[in-house]
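Asks: Sharing a structure below in structure tokens format, with a few things to ask.
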């Protein structure tokens with residue numbers, strides 16, 4: 001991997017972790033921001049999957065669709081296939097609660113599940129890097 005690609009790869013990882021930490025922060029304390037928290041969970045998963053594609057030097061469309069990104073990742077490593085059910089739940093969080101319309105806020109249970117799933121997917125991808133001796137152990 002050349003230096004420019006490595007810089008991009010590490011940037012995607014950093015942003016994924018930042019989104020996850022933002023989601024946690026928005027869900028903690030007295031005033032919980034449920035809609036924004038699940039949005040950042042979706043963003044964290046999207047970015048960690050994009051990090052994997054950059055890591056493997058695979059081109060991808062600039063989309064918010066986790067299923068599409070999993071398809072691309074699964075073409076390289078079929079162990080990503082176990083995340084499809086989660087992807088179908090998390091993908092809509094990119095827009096579902098972001099704009100006025102039919103839905104006002106996710107349930108607390110939805111946020112708890114989104115936080116758990118996004119953490120698990122991030123750690124899953126980070127373990128791939130660690131297994132390849134390409135990234136320090138920075139699990140969430």
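Asks: How far, in degrees from 0 to 90, does helix 66-76 lean away from the longest principal axis of the Cα atoms of the chain, to the nearest 10?
Replies: That helix lies at roughly 20 degrees to the long axis.
Asks: If you average 1/r across every pair of different Cα atoms in the stretch 59-140 and take the reciprocal, what Kirkwood value do you get, in Å?
Replies: 14.3
Asks: Sticking with this structure for a sec: Taking a temperature of 4 °C and a viscosity of 1.567 mPa s, what whole-number D in µm²/s does Stokes-Einstein yield for the stretch 3-131 with Rh from Kirkwood over alpha carbon pairs? Numbers along the way, then the final one.
Replies: Values: Rh = 14.8 Å.
It comes out at roughly 88 µm²/s.
Asks: Also, quick follow-up: Give the relative contact order (percent, whole number) for the chain; include only Cα pairs under 8 Å separated by 6+ residues.
Replies: On the way: 167 pairs, mean separation 37.7, N = 140.
Relative contact order comes out at 27 percent.
Asks: Shifting gears a bit: What angle do you read, to the nearest 10 degrees and between 0 and 90, between the alpha-carbon axis of helix 3-27 and the longest principal axis of the chain?
Replies: Computed tilt is about 20 degrees.
Asks: For the chain, find the longest principal axis of its Cα atoms and tell me its angle to the long axis of helix 34-55, 0 to 90°, nearest 10.
Replies: Orientation of helix 34-55: about 10 degrees from the principal axis.
Asks: Using helices alone, what [θ] at 222 nm do you get for the chain, with -39,500 (n - 2.57) per DSSP H run of 4 or more residues, divided over all residues and rounded to the nearest 500?
Replies: -21500 deg cm²/dmol
Asks: Here's a follow-up. Taking Rh as the Kirkwood radius computed over C-alpha pairs, what is the Stokes-Einstein D of the stretch 1-58 at 25 °C in a medium of viscosity 0.890 mPa s, expressed in µm² per second?
Replies: Working: Rh = 11.9 Å.
The Stokes-Einstein estimate is 207 µm²/s.
Asks: Whole Å is fine, so just give me how far the alpha carbon centre of the stretch 5-48 lies from that of the stretch 74-118.
Replies: That distance is 13 Å.
Laboratory data are not the source of any read-out in this text; all were calculated from the coordinates shown. Please read all numbers here as calculations on a predicted model, not as lab measurements.
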